[in-house]
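Okay, structure first, notes after.
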Amino acid sequence: MDQKFEGTPHAEIRLEGRRVSRGDVTHDWGLRLQWEVRRNGQVIATPPARADVSYQHPDATPGSYEIVLQMWKYVDYAKKPTGEFVNSRFVDISKKVSYTI
């Protein structure tokens, strides 16, 4: 059975200080939902976002932070020899927000 990806998931996120929160996800595929947190361009955390509508990264290391809401898009099980998926991946479903410490 093929999974149908009807519509493109989208959610509005807003930043209040260091806490980011999300609204409802439209066209939700029901797959893993996560925050991607980057510091100075490097991914430092990918906490789950399905159960909680807000998140505050506990690390206060100085730098430029960027946060985006992502959802898993499953296409198939094809993987590289390293175990990394070839076609399936996380896709951004919100605009990025940023802050500096």
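At residue 42 and residue 82, where each label point lies 7 Å from the Cα along Cα→Cβ, what is the point-to-point distance in nanometres?
Reported label-point gap for residue 42 and residue 82 is 1.6 nm.
Could you tell me what percent of the accessible area of the chain is made up of carbon and sulfur, with a 1.4 Å probe and every protein chain present?
Carbon with sulfur: 49 percent of the solvent-accessible area.
Among 85, 47, 69, whose Cα sits farthest toward the positive end of the charge dipole of region 20-101 (+1 at Cβ of Lys/Arg, -1 at Cβ of Asp/Glu, about the Cα centre)?
In region 20-101, that residue is 85.
Enumerate by residue number the trypsin sites (Lys or Arg not before Pro) in region 38-101 meeting two conditions: DSSP loop (anything except H, G, I, E, B), and at most 13 other Cβ atoms within 10 Å of the site's Cβ.
50, 95, 96
Count the net charge of all other residues whose Cβ sits under 10 Å from the Cβ of residue 74, scoring Lys and Arg as +1 and Asp and Glu as -1.
For residues surrounding residue 74, the net value is +2.
Charges only on Cβ, +1 for Lys and Arg, -1 for Asp and Glu: so what's the dipole of region 15-72 about the Cα centre, in debye to the nearest 20?
The calculation lands at about 120 debye.
Placing one identical point scatterer on every Cα of region 1-85 and ignoring solvent, what is log10 I(q)/I(0) from the Debye formula at q = 0.21 Å⁻¹?
With one equal scatterer per Cα and no solvent, log10 I(q)/I(0) is -1.05.
Within region 1-95, report the GluC sites (Glu not before Pro) that DSSP leaves as loop and that have at most 12 other Cβ atoms within 10 Å.
The qualifying sites are 6, 84.
Counting only heavy atoms of protein chains, what accessible area per residue, in Å², does the chain have with a probe of 1.4 Å?
Dividing the accessible area of the chain by its residue count gives 64 Å².
Share of Cα-Cα pairs in region 37-101 beyond 13 Å, in percent?
For region 37-101, the fraction of Cα-Cα distances above 13 Å is 70 percent.
Got a sec? Which residues in region 58-75 would a label at residue 89 touch, if it sits 7 Å along Cα→Cβ and we count backbone N under 13 Å?
So the set is 71-75.
The values are calculated or read from the model by the stated rules, or taken from the named source; none is laboratory data. Values in this document were obtained by computation on a predicted structure and should not be read as measured data. With ideal geometry, Cβ positions are generated from the backbone for all residues, glycine too; neighbour counts draw on all protein chains shown. Heavy atoms of the whole protein, side chains included, go into the accessibility calculation; ligands, DNA and RNA do not. Shrake-Rupley method; radii C 1.70, N 1.55, O 1.52, S 1.80 Å.
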